[in-house]
1. Would you check if residue A:154 is over 20 Å from residue B:51 (Cα atoms), free of Cβ contacts under 8 Å to residues at least 40 places away in the same chain and surrounded by 17 or more Cβ atoms within 10 Å (Cβ to Cβ)?
2. Would the range B:80-89 turn up any residue that is hydrophobic (A, V, I, L, M, F, W, C), farther than 26 Å from residue A:14 by Cβ and modelled with pLDDT under 75?
3. Before we move on, is residue A:96 more than 9 Å from chain B (Cβ to nearest Cβ), out of contact with any strand residue (DSSP E or B) (no Cβ under 8 Å at 6 or more places or on another chain), modelled with pLDDT under 90 and assigned to a helix (DSSP H, G or I)?
4. Pull up the range B:37-76, narrow it to residues that are within 7 Å of chain A (Cβ to nearest Cβ), surrounded by fewer than 14 Cβ atoms within 10 Å (Cβ to Cβ) and in a helix (DSSP H, G or I), then point me to the one that is farthest from the chain's Cα centre (by Cα).
5. Of all residues in the range B:20-36 being assigned to a loop (DSSP other than H, G, I, E, B) and more than 9 Å from every other protein chain (Cβ to nearest Cβ), which is surrounded by the most Cβ atoms within 10 Å (Cβ to Cβ)?
6. Residues to consider are A:119, A:89, A:81; find the one that is under 18 Å from the mean Cα position of the chain (by Cα), modelled with pLDDT of 95 or more and assigned to a helix (DSSP H, G or I).
7. Could you tell me how many of the residues in the range B:1-19 are at the interface with chain A (Cβ under 7 Å from one of its Cβ atoms) and either touching a Phe, Trp or Tyr at 6+ places or on another chain (Cβ under 6 Å) or outside any helix (DSSP H, G or I) (or both)?
Amino acid sequence: MSDQDRDLFCIERMRAGDTRALEELYDRHSPMLYSLALRIVGRASDAEEVLQEAWLQAWRGADRFDAARGTVAAWLLTLARSRAIDRFRKQASRRRAETSVEIDPPRGGDEPPVQAAHRQLHERVTTALSTLTPQQRQVLELAYFSGLSQTEIASRVGAPLGTVKSWTRQALLRLREVVPQEEWA
Amino acid sequence: MSAHRDEHLELCAALALGAIDERDRRELEAHLAAGCPECSRELARLSDDVRTLAASAPPVAPPPAVRARVLAAVRSRAPAERPARGRVVALEPRRRIAIATWAWAAAAAVLAVSTVVLWRVGEDLRARLDESRGQMAKLQTDLDEARRWAALLDSPEARLVELLPTPAAGLPRARALYDPAARRAVLVFDSFAAPPGSDYELWAIRGDGPASLGLIRADASGRAVVRVHDVGDPASLQAFAVSLERAGGSTNPRQPQGPVVMVGGVGG
């Protein structure tokens, strides 16, 4: 059985209240969710809270998962990203109100190891992103990691809205071409 | 439905990225709700492309403590495991009273009242204990049942059966997870809302002909899950099939009366 099929059955079991199904999903997807959250919020303590909130939301909202709209992994990433963007925006408004920002102390050398497959995928995607035009990279970056809407992106980069829309789609298609989903899903 | 345009595909990309403007979102949601197959397919693919983009975040493993926190929080919310909560009464700090005799009288009164209250609390706790025992017994039964279903996933014998639409059908999708040893099967159906006045019916195709496994009743999102406790003799089971019947299903449990729209062989 593929990971995607296992994920789907985990969702079914979660709907029936089986917490072990959540454990299974947690172990499979948390490294990716946590890395994404940390990339967006920048601070480990915030990323940990984002991860926790996202899983609670997944547990409560398993009924709302719709397989027709994408994979379980994509759904979980959407939950984690939107919690992270919310937190990032709150941080930004706090930063505007304060003069100094507290920074987490660097962690000791006892961090849990990153899975080799996750690291390899990251390297492939980073290489793939380098084949995009700078504009394409920038619109993806501002949209996905900074949470800007397309209108906000257009005014930030000084390009017409229609151009931003077409850069965005072209960028995602290019990414699909360079890192086909079947190869790693 | 609003006619499909290439701009809709651009909006799908913006939606998948979470960057769509509100007006565009309303337009796209209406377009999707009207059932544009091209945009639905593309949206699912784009959400996977966004998943690729997410992997550009530098990989960092989450601290193990978060796992424990998440599980503890979820367990405390799991409906079946949620204990009956006692009422908590906030106690206000009392003001000191300077007059000693007054204090002694008050203490005696408090003691008398406390005794009655404690006796009532004891009765209440006993009743709750009985109730909890009943709940525990039910939970154990539920847990045993859940374990039997979970065992299906780990069984080395379990087979995944894909049911594909026949050319006459639209886009519904079905999958069956079937364990011949346990004779159990779980079938998951997507985009499975039956047209008005009709019902989808599930069949086991056996050596001696079809046998109805019941109607497939999808929820509002078109999704349905059917658990079959006993699919019959594994040596005789050849396939799962779905027919589109008049409302209420075929009147003959051994023969579909409507067209068979999906079929999936269980293989050997």
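The values are calculated or read from the model by the stated rules, or taken from the named source; none is laboratory data. Because the structure is a prediction, the values reported are computed rather than measured. Using ideal geometry, Cβ is built from the backbone for each residue, glycine included, and neighbour counts are taken over all protein chains shown.
1. Considered against the rule, which asks whether it is over 20 Å from residue B:51 (Cα atoms), free of Cβ contacts under 8 Å to residues at least 40 places away in the same chain and surrounded by 17 or more Cβ atoms within 10 Å (Cβ to Cβ), residue A:154 comes out as yes.
2. yes
3. yes
4. Going through the qualifying residues, I end up with B:64.
5. Only one residue fits best here, namely B:36.
6. One residue alone meets the criteria, A:81.
7. 3
Residues are listed down the side, and each one gets a yes or a no for (1) among the aromatic types (Phe, Trp, Tyr); (2) at the interface with chain B (Cβ under 7 Å from one of its Cβ atoms); (3) touching a residue at least 40 places away in the same chain (Cβ under 8 Å); (4) assigned to a helix (DSSP H, G or I):
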residue	(1), (2), (3), (4)
A:9	yes, yes, no, yes
A:23	no, yes, no, yes
A:29	no, no, yes, yes
A:33	no, no, yes, yes
A:47	no, no, no, yes
A:59	yes, yes, yes, yes
A:68	no, yes, no, yes
